[in-house]
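Working notes, structure below.
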Amino acid sequence: MKETHVGIIGGGLMGREMASAFARWCALTDVSIRPVLTAVADLNPQTLSWFDCIASCEQKTMKYQELLANHKVDVVYVAVPHHLHEKLYLDVLAAGKDLFAEKPFGIDLSAARRILDAVNKSGRFVRCSSEMPFFPGAQRAYEFARCGKLGRLLEVVSCFHHSSDLDPHKPANWKRQNLTCGKGGVLNDLGMHACHLPLRLGWKPTRLFAQLQNGYRQRPDGQGGMADCDTWDNALLHTWVRVENEEAPLRLEMKRLAPGATNTWSIEILGTDGGVRFSTAEPKSLWVFERNGEQWWKRTNLGFSTPFKTVTGGIFEPGFADVIQQMWAAYLMEREGKLGGRFGCATPEEAVASHEIFAAALESQEQGSVVTL
Ligand SMILES: NC(=O)c1ccc[n+]([C@@H]2O[C@H](COP(=O)([O-])OP(=O)(O)OC[C@H]3O[C@@H](n4cnc5c(N)ncnc54)[C@H](O)[C@@H]3O)[C@@H](O)[C@H]2O)c1
């Protein structure tokens, strides 16, 4: 199997998640590329030492420039706070490497546009991380919507909810501050997840009205004091999309204060003839609406029907770690021109389109009015 050497900049939550997906690559049975984690860069020596458990990871450095100078590294995955995206992504491209970027692809719309410009000039292969559409239920919802089974589109609701911020004693981190997370706050944090499938289906909002909410404005700083938290925590975006000369409402929901939810991604697509609903809270269940004399909501228990085949038994249920691995399989296979019609990772253009939605949402919140995109 052909090997692709990967370097990771930012070995925190997501850096380690990706590294572990590579470590069990043997689970995949129909890929012809294998990622080999060769190098990692992080400012924190303790974080770097976690990578000792990965034998192939021969370079561990606190200076990401050293990783970029490593001739062995083909692809760089960058998982750092949002205020660093633009600088690091541009440095990766300037070093002549392919890039797997994290969302939101720059701290704001102008950064995202500058990154896209650099991507186009560089000719490098670049995609943006967004793993939830790789759940079998999400794939089926996407196919259902694409295959014209909906009739006239009535309504779409695309959500990403968690409740990590409900506890006021949870210490602040960089995701809770505009300076490092961006003024979009939860839009930057969770927005790409909610926008990805609608954008892939061609449903880009033409107008929107946003309701943004703050949660706790101060949190413990982890050192005995309190830190200001100025990011938006919840966002409801009421938007309109145009499909075949008709307008339909698309609601995008991103919440860090959703009581009871733990990283729950869901989508509901309703049409006059058919509908579909999937939530990662019930990772096996796909709900399909049919109208043929009577009206039916049918539920089927999906198995492990992932886009890339695996050794995992077909009746087992998929989870977060599985879709992360599927997303990487899509990235690496598309990079080699071998995607073969399967679902590809979010493109730089889709990432910029999601930022256009976030910028319009911030404008709508400020003006208290509907904004045209
Ligand atoms: N796709 C997803 O589901 C998902 C989930 C969570 C986070 N994210 C995204 O991943 C990115 C990182 O988030 P995270 O939760 O992993 O954050 P994190 O805070 O857990 O990790 C960030 C890491 O970057 C390191 N770092 C900071 N500056 C650096 C520098 N100059 N050079 C090298 N390393 C540096 C930090 O030491 C830290 O280890 C963000 O863009 C975030 O939005 C994506």
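Rule-based calculations on the coordinates, nothing more; no lab input. The structure presented is a predicted model; accordingly, all values stated were derived computationally and were not measured. Using ideal geometry, Cβ is built from the backbone for each residue, glycine included, and neighbour counts are taken over all protein chains shown.
Against the compact-protein benchmark of 2.2 N^0.38 Å, the Cα-based radius of gyration of the chain scales to 0.98. Using the Karplus relation 6.51 cos²θ - 1.76 cosθ + 1.60 with θ = phi - 60°, the per-residue 3J(HN,Hα) values for region 272-283 come to 5, 9, x, x, 8, 8, 9, 9, 6, 5, 10, x Hz, with x marking Gly and Pro.
Loop only by DSSP, 15 or fewer other Cβ within 10 Å of the Cβ. Give me the chymotrypsin sites (Phe, Trp or Tyr not before Pro) in region 290-332 that pass, ordered by residue number. Can you show the working numbers first?
Numbers: sites: Trp296, Trp297, Phe304, Phe308, Phe316, Phe320, Trp328, Tyr331; in loops: Phe304, Phe308, Phe316.
Taking region 290-332 and a limit of 15 other Cβ atoms within 10 Å, the loop chymotrypsin sites (Phe, Trp or Tyr not before Pro) found are Phe316.
List the pairs from Lys87/Lys183; Lys2/Lys72; Lys97/Lys204; Lys97/Lys175 whose alpha-carbon separation is above 22 Å, in the order I gave them.
On the way: Lys87/Lys183 18 Å; Lys2/Lys72 14 Å; Lys97/Lys204 31 Å; Lys97/Lys175 27 Å.
Too far apart for the 22 Å limit: Lys97/Lys204; Lys97/Lys175.
In region 253-294, taking the dipole from charged Cβ atoms about the Cα centre, the farthest positive-side position among Thr262, Val288, Thr272 is held by Thr262.
Can you tell me how much longer the chain between Val243 and Asp117 gets when fully stretched, taken as 0.36 nm per residue apart minus their C-alpha distance, in nm with one decimal?
Gain in length upon complete extension: 42.5 nm.
The phi-based Karplus calculation (6.51 cos²θ - 1.76 cosθ + 1.60; θ = phi - 60°) puts the 3J(HN,Hα) values of region 26-37 at 4, 5, 8, 10, 10, 10, 10, 10, 10, x, 10, 6 Hz, whole numbers, x for Gly and Pro.
Close amide H partners of Val243, meaning residues 5 or more places away or on another chain with modelled amide H under 5 Å apart, are Ala248. Taking label points 7 Å from Cα along the Cα-to-Cβ direction, Lys2 and His71 give a separation of 2.1 nm.
Please state, as a whole number in µm²/s, the translational diffusion coefficient that the Stokes-Einstein equation yields for region 146-297 at 25 °C and 0.890 mPa s, with Rh defined as the Kirkwood radius across alpha carbon pairs.
Working: Rh = 16.9 Å.
Taking Rh from Cα pairs, D becomes 145 µm²/s.
Computed extension gain for Leu236 through Lys183, at 0.36 nm per residue and net of the alpha carbon distance, reaches 17.5 nm. A cut-off of 5 Å between modelled amide H atoms, ignoring neighbours fewer than 5 places along the same chain, links Met226 with Asp221.
Phi-derived couplings, Karplus 6.51 cos²θ - 1.76 cosθ + 1.60 at θ = phi - 60°, listed residue by residue for region 351-366: 5, 5, 4, 5, 5, 4, 5, 5, 5, 5, 5, 5, 5, 4, 4, 5 Hz, with x used for Gly and Pro.
What Kirkwood Rh does region 1-140 have if only Cα atoms enter the pairwise 1/r average? Answer in Å.
Working: mean 1/r = 0.0644 Å⁻¹.
Value: 15.5 Å, from the Cα pair sum.
Taking label positions 7 Å along the Cα-Cβ direction at both Asn292 and Thr372, the computed distance is 4.4 nm, reported to one decimal.
Oblate is the label for region 215-286, because a/c, from the alpha-carbon gyration tensor with a ≥ b ≥ c as root eigenvalues, is 1.5 or above and a/b does not exceed b/c.
In the chain, helices alone account for a calculated mean residue ellipticity at 222 nm of -9000 deg cm²/dmol, with every DSSP H run of four or more residues adding -39,500 (n - 2.57).
Pairs of Cα atoms nearer than 8 Å and 6+ residues apart set the relative contact order; for the chain it is 20 percent.
Less than 5 angstrom separates the built amide H of Leu37 from those of Val6, all sequence-distant by 5 or more or on a different chain. Whole Å is fine, so just give me how far the alpha carbon centre of region 50-128 lies from that of region 298-373. The two parts, judged by their Cα centres, are 20 Å apart.
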